[in-house]
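Supplied in structure tokens, the structure appears directly below.
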């Protein structure tokens, strides 16, 4: 029951760390509390696993220290992981914005990682709940960790915490990493749900219920950040790539703005159409670019008294006001759907207390935190998987 390295957490980041350490000849044990390894890998990307992105850049990651992720990302790049995928003969495809998905199934990525674990001599125990961790410093440069669990007692000189964050608790997410950090007096940046749908309690909740299932490309923005992507109306509010991306930058109480015509100067289109087709109704003009159900809601909201009037009969001042509303439709979310549906957890173990080159605690020899547990969060589109691979790899080189 004595190992060189114990990795707590059998997800993407824990497995890549275990593989890297095992390939160095280290005796590695992975402990996971669930009945199945890599559950989030299997559900990701609609079962196709968006395993990385061709456009990895530190600017696509959020952290209290935006420079922290640079070292790991540069030492294990998207191309390193792509090489591993190709080595195993897994077919993949590029989708928009450089996102890479399996052509087949996410099961292939998990099978690849488990195969690499087996080749590297990594042992994996499932159904393992770690109940306590104690540490004794043997020498100035070496510690000995003792873990108590329902499967018995384990010891190691290196301990890696790869248990992720709080997102999607039904998949087994817990606050284990933060409890360990607290035990060893390592600070934790306050956490919140990221890449998560918005919810509403005002008129927009009923409107979005009526439009549930309608998708539309827009520019969605706060005062500081904007994303041009699809939004999806849901029974609770707004989802879709643009909403998920913006949620990571949104703060409670802040307004968000929708530009419904991201690729067109709608004012110019209205002016020219008014001259060329004066007997056209506004809804017929807008229905060329927007979903008909959405246009019906918009006319009730923004021009009810002009809905049956021809363009030629609507004053320019009224049209200007309509354009303003459709180009900067202000909404005030009441909140988000929270960790229940969030793809990631913002915040986490404070990077100030970790080495950016090894992910080791600066104050507790032999203790490492990697992946989502750390205060580094990527954009939607394979960035969080790449952080998992990169942070796990650099820790695996030294544990």
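The values are calculated or read from the model by the stated rules, or taken from the named source; none is laboratory data. No experiment lies behind these values; they were computed from the predicted model shown. Heads up, the Cβs are rebuilt from the backbone with ideal geometry, glycines too, and the neighbour counts pull from every protein chain shown.
Checking the conditions here, which among 25, 9, 46, 38 is assigned by TED's automatic domain parsing to the domain that holds residue 370, under 26 Å from the mean Cα position of the chain (by Cα), more than 19 Å from residue 78 (Cβ to Cβ) and free of Cβ contacts under 8 Å to residues at least 12 places away in the same chain?
Within the list 25, 9, 46, 38, the selection yields 46.
Shifting gears a bit: Among the listed residues 100, 113, which satisfies the condition of being in a helix (DSSP H, G or I) and crowded, with 16+ Cβ neighbours inside 10 Å?
Answer to the selection: 113.
Can you confirm whether residue 233 is surrounded by 20 or more Cβ atoms within 10 Å (Cβ to Cβ) and out of contact with any strand residue (DSSP E or B) (no Cβ under 7 Å at 6 or more places or on another chain)?
Yes.
Then there is this: Residue under question is residue 287, and the condition is that it be touching a helix residue (DSSP H, G or I) at 6+ places or on another chain (Cβ under 6 Å) and either surrounded by fewer than 18 Cβ atoms within 10 Å (Cβ to Cβ) or over 29 Å from residue 198 (Cα atoms) (or both); does it hold?
Considered against the rule, which asks whether it is touching a helix residue (DSSP H, G or I) at 6+ places or on another chain (Cβ under 6 Å) and either surrounded by fewer than 18 Cβ atoms within 10 Å (Cβ to Cβ) or over 29 Å from residue 198 (Cα atoms) (or both), residue 287 comes out as yes.
Does the range 19-29 hold any residues that are over 14 Å from residue 157 (Cα atoms) and either buried (at least 21 other Cβ atoms within 10 Å of the Cβ) or in contact with a strand residue (DSSP E or B) (Cβ under 7 Å, 6 or more places away or on another chain) (or both), and which are they?
Result: 19, 20, 22.
Follow-up. As an exercise: evaluate residue 70 against (1) modelled with pLDDT of 95 or more; (2) within 28 Å of residue 352 (Cβ to Cβ); (3) surrounded by 18 or more Cβ atoms within 10 Å (Cβ to Cβ) and give the number of the one condition it does not meet.
Condition (3) is where residue 70 drops out.
Now for a different question. Just checking: which of the strands (runs of 3 or more DSSP E) contained wholly in the range 296-399 hold 3 or more residues that are surrounded by fewer than 24 Cβ atoms within 10 Å (Cβ to Cβ), in contact (Cβ under 8 Å) with a residue 60 or more places away in the chain and in contact with a strand residue (DSSP E or B) (Cβ under 8 Å, 6 or more places away or on another chain)?
The qualifying strands (runs of 3 or more DSSP E) are 329-331.
Turning to a different aspect of this structure: Name the single residue, out of those in the range 1-18 being modelled with pLDDT of 95 or more and assigned to a strand (DSSP E or B), that is surrounded by the fewest Cβ atoms within 10 Å (Cβ to Cβ).
4
Taking residue 234 as meeting all but one of (1) in contact (Cβ under 8 Å) with a residue 12 or more places away in the chain; (2) in the same structural domain as residue 12 (by TED's automatic domain parsing), write down the number of the exception.
(2)
If you don't mind, there's one more thing I want to ask. Within the range 182-202, is there a residue that is assigned to a helix (DSSP H, G or I) and under 29 Å from residue 13 (Cα atoms)?
Yes, that holds for at least one residue.
With respect to residue 258, determine if the residue is in contact with a helix residue (DSSP H, G or I) (Cβ under 7 Å, 6 or more places away or on another chain), in contact (Cβ under 8 Å) with a residue 40 or more places away in the chain and within 25 Å of residue 300 (Cα to Cα).
For residue 258, the condition - in contact with a helix residue (DSSP H, G or I) (Cβ under 7 Å, 6 or more places away or on another chain), in contact (Cβ under 8 Å) with a residue 40 or more places away in the chain and within 25 Å of residue 300 (Cα to Cα) - is not met.
Given 173, 181, which one is in contact (Cβ under 8 Å) with a residue 40 or more places away in the chain, within 16 Å of the chain's Cα centre (by Cα) and either crowded, with 21+ Cβ neighbours inside 10 Å or closer than 29 Å to residue 134 by Cα (or both)?
173
Within the range 156-170, identify whether any single residue is in a strand (DSSP E or B), in contact with a strand residue (DSSP E or B) (Cβ under 8 Å, 6 or more places away or on another chain), in the same structural domain as residue 51 (by TED's automatic domain parsing) and farther than 26 Å from residue 387 by Cα, and answer yes or no.
For the range 156-170, residues in a strand (DSSP E or B), in contact with a strand residue (DSSP E or B) (Cβ under 8 Å, 6 or more places away or on another chain), in the same structural domain as residue 51 (by TED's automatic domain parsing) and farther than 26 Å from residue 387 by Cα: absent.
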